[in-house]
Structure formats: structure tokens, C-alpha cells
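Worksheet: one structure, shown below.
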Amino acid sequence: RTIRPDPALITRARGLTVTPLGYIWVAHTPGQRIVVLNGVGELQREFPVWPDENAQVTDVVVAADGTSFAAVLGINKIVKYDENGQRLLVWDIPPANTMEAPHLALDAEGQLYVTQPEESRVARYSPDGVQTGYWQLPRPPDMVKPVGIALSETGRAPAIWVTDSEGGRLVRLDP
């Protein structure tokens, strides 16, 4: 099925996530905001990712407790928000461009996985922003730009799936 929200809410958006209750969280890059839609595309709420800065959000994920995380370029940060969109925590990430930008995934324990396209790696962070691991991917010509990321549960640890936006590859990491 197709839903048709107001184009001003989603045009040129870079990332999204859907919660178990069916809310669609959109990283509205040019609007520098997070937009929350219901299952039929109606605006439920929105909040700026970083007021008064060039802060282009490229992805968003939502934890089971209602907190959310956003990858924000221009200021090169991961930002954690409470359920009302208030900033709780911020940490630095390597710079990238918004077309081949960092993307996010959360595991069942709330660990945040972040692609780092320019470094050709995936970093893992605890919910409080402490880096708890990373995976260095092959550098060019074998791996160019790891951008998209997803997790699949496979027993003791999730498999990490990464897309290579320039090399046209799909890579599975088994931590």
C-alpha cells in the first residue's frame, strides 16, 4: 500500500524507522527535523534535530523505551532524544556527506550500530554513547562506502548487514 503524507514532510528524506505500534519516524534531511507520522501518513509530531545549526539528519531509530537516536551531519553527531524530542546525549561521529551518510540500527539490548562511510567501518555504541566495538571493513577497491545497515537476530549476536553504496555490494558481518 502507499501512503501520501504532505510532501513537505518527506521530500528528500534520507532515513526512516517504523515502531512496533506503526508510527513512522522520518529523518527529514532538508528540514533538519525528525517527523513522526501515523500509519496513514498524518503528522503526529516533529522536532528540530539541532536548532540554529546546519544540522542535516540522515537517519533515525527508536528504542523500546521511546528514546530515539539520530545521525546528524553538518555538526557530525549522534543525538539521543527523549520521547518528547528533548536532547539527552550527544557524541561525535566522523564527517560524511548527506547522500552517503551514516545510518543506524538498534539491537535488542539497545546497542546502536552506526555506519561510518568515509572510514569504511561500522561502530557500536551503548545507549549512553560509549563505543563498545567496531568492525573495520575492507577499503577500496573491495569496499567503498558502507551506508545502509540492518540487523538480523541469529542466536547470541545479531548479524550485521551493510550496503556498499558505491561498490554495489551487500556484506554480512557475524560478530
Can you tell me how many residues within segment 42-66 are closer than 18 Å to ARG1 by Cα and modelled with pLDDT under 95? 0
When residues of segment 1-45 are filtered for being within 15 Å of SER68 (Cα to Cα) and buried (at least 16 other Cβ atoms within 10 Å of the Cβ), how many remain? 13
Counting just the residues of segment 95-118 that are closer than 18 Å to ASN54 by Cα and modelled with pLDDT under 95, which one comes out nearest to the chain's Cα centre (by Cα)? ALA101
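Considering every residue within segment 94-111, establish whether at least one is of a type in the set (D, E, K, R) and over 29 Å from LEU21 (Cβ atoms).
Yes, that holds for at least one residue.
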Number of the condition not met by VAL122 [criteria: (1) surrounded by 13 or more Cβ atoms within 10 Å (Cβ to Cβ); (2) more than 18 Å from LEU89 (Cα to Cα); (3) out of contact with any Pro (no Cβ under 9 Å at 6 or more places or on another chain)]: (3)
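The values are calculated or read from the model by the stated rules, or taken from the named source; none is laboratory data. Computed from a predicted structure; not experimentally measured. Heads up, the Cβs are rebuilt from the backbone with ideal geometry, glycines too, and the neighbour counts pull from every protein chain shown.
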